[in-house]
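This report concerns only the one structure given below.
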Amino acid sequence: MTTDARTLVADARRVTVLTGAGISTASGIPDFRGPNGLWTANPGAARMFDIDAYLADRDLRVQAWRNRHEHPAWTAQPNAAHHAIADLERQGRLRGLITQNIDELHQAAGSGTHAPLMEVHGSIKRAMCLSCGRRVPMVDVLARVGAGEEDPRCEVCHGILKSDTISFGQALDRATLLAAAEAAAECEVFLAVGSSLRVNPVAGLVPLAHESGAAVVIVNAEPTPYDALAAAVLRDPIEAVLPTLVGSEG
Ligand code: NAD
């Protein structure tokens, strides 16, 4: 690791962290665009995350419910990087944690108690009716899938159900996005971890933080579109570098 990156983080009183799928690969949840990513191996799988295709295609929904039933998030445990970010929060230096992940591993590590945790893309642990907007625990719907319902419907209005996560074509929650933008604009260091930074509007938080005066530190194995504006870029495995970077070890 460059000393600069560690010094930048160590000297900062307000750090905002943005995480993506890469922080959870060491916990056994594949990312989308990394070398072993779901979409790298099977580009057609991206259609599963298109809201129009999901609404129109029953076969796709049946497959999506099978995937949710077998999703590694149900058994995954937080790794050293999730714990390091929770430690930064306990140190009182976390301005906010913005995650694109839907696996709730940050909560499992203890994040979100003393500083805001913004799940900008939702959570797989909730299901939502796309007609009436009712939200229910995902475990309840998966119990119905396990009992043989291939395409479970809303028990109130019979609408189509989906995980309460953002698919392509769906708008992000405005209040959550606004809170994320504030956290990006009000930090001394903006730490982007395990994201290809290709999906807007969340990727746009990186230049927002930079323009607001934050030093941007990127931890990602592969290049991102924002490496050039970063004060430091680290390519090391996230689970190895985060504990040292945020000072919870070493
Ligand atoms: P992405 O798949 O586009 O990019 C992940 C990046 O992390 C890649 O560039 C990869 O090289 C890097 N990476 C993976 N493992 C790493 C490691 N151990 N050390 C260093 N770098 C590593 O992910 P994204 O930018 O978050 O966008 C994908 C979208 O899909 C997100 O919006 C998210 O909601 C969703 N998603 C979530 C999960 C999850 O909740 N765990 C998993 C897959 C996808």
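Read-outs throughout are calculated quantities, based only on the coordinates presented, and are distinct from any laboratory measurement. Here the structure is a predicted model, which is why all the values come from computation and not from measurement. A quick note on method: Cβ atoms are made from the backbone with ideal geometry, for glycine too, and the neighbour counts reach across all protein chains shown.
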Among the Cα-Cα pairs of the chain, the proportion with separation greater than 27 Å, in percent, is 36 percent
Candidates 89, 150, 239; GNM for the chain (alpha-carbon contacts under 10 Å) flags as most fluctuating 150
For the pair residue 91 and residue 236, the simple spin-label estimate (label points 7 Å beyond Cα toward Cβ) gives in nm 1.4 nm
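Determine one quarter of the surface area of the Cα convex hull of region 153-204, which equals its mean projected area, and express it in nm² to one decimal. Intermediate values should be presented prior to the final figure.
Details: hull surface 20.8 nm².
So the Cα hull casts an average projection of 5.2 nm².
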Listed residues 73, 203, 45; largest mean-square fluctuation, Gaussian network over the chain with Cα springs below 10 Å, found at 45
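Quick check on the exposure proxy: order 24, 167 from fewest to most C-beta atoms within 10 angstrom. Don't jump to the answer; show the numbers that get you there.
On the way: 24 28, 167 19.
Ranking 24, 167 by Cβ neighbours within 10 Å, fewest first, gives 167, 24.
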The value for region 114-196 (convex hull of the alpha-carbon atoms, volume per residue, Å³) is 148 Å³
Expressed in angstrom and rounded, the centroid-to-centroid distance over alpha carbons for region 23-72 and region 169-198 is 23 Å
Helix-only [θ] at 222 nm, the chain, -39500 (n - 2.57) per DSSP H run of 4+, per residue, nearest 500, equals -9000 deg cm²/dmol
Along region 107-113, Karplus-curve 3J(HN,Hα) (6.51, -1.76, 1.60; θ = phi - 60°) to the nearest Hz, with x for Gly and Pro, reads 4, 5, 7, x, 6, x, 9
Computed ³J(HN,Hα) along region 73-88: with the Karplus parameters 6.51/-1.76/1.60, θ = phi - 60°, integer Hz and x for glycine or proline, the list is 4, 6, 10, 5, 10, x, 9, 4, 6, 4, 5, 5, 5, 4, 5, 4
Taking max minus min of the Cα coordinates of region 5-96 on each principal axis, largest first, gives extents in Å of 52, 25, 24
Listed by chain and number, the residues whose amide H is under 5 Å from that of residue 219, excluding neighbours fewer than 5 places away on the same chain and using placed H, are 192, 193, 194, 234
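Using every Cα-Cα pair within region 122-247, state what percent have a distance larger than 25 Å. Numbers along the way, then the final one.
On the way: 3473 of 7875 pairs.
The proportion of pairs with Cα distances above 25 Å equals 44 percent.
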Note: residue 228 to residue 143 extended length (0.36 nm per residue) minus current alpha-carbon separation gives 25.9 nm
Burial-style ranking of 91-97, 61-67, average other-beta-carbon count within 10 Å with highest first, yields 91-97, 61-67
Here FRET efficiency (C-beta to C-beta, residue 51 to residue 13, R₀ 30 Å, nearest 0.05) is 0.15
Given backbone amide H placed at 1.01 Å from N, residues whose amide H is under 5 Å from that of residue 134, ignoring those fewer than 5 places away on the same chain, are 129
Yeah, region 189-230 with a ≥ b ≥ c from its alpha-carbon gyration tensor (a/c under 1.5 is rounded, else prolate when a/b outruns b/c, oblate otherwise) is oblate
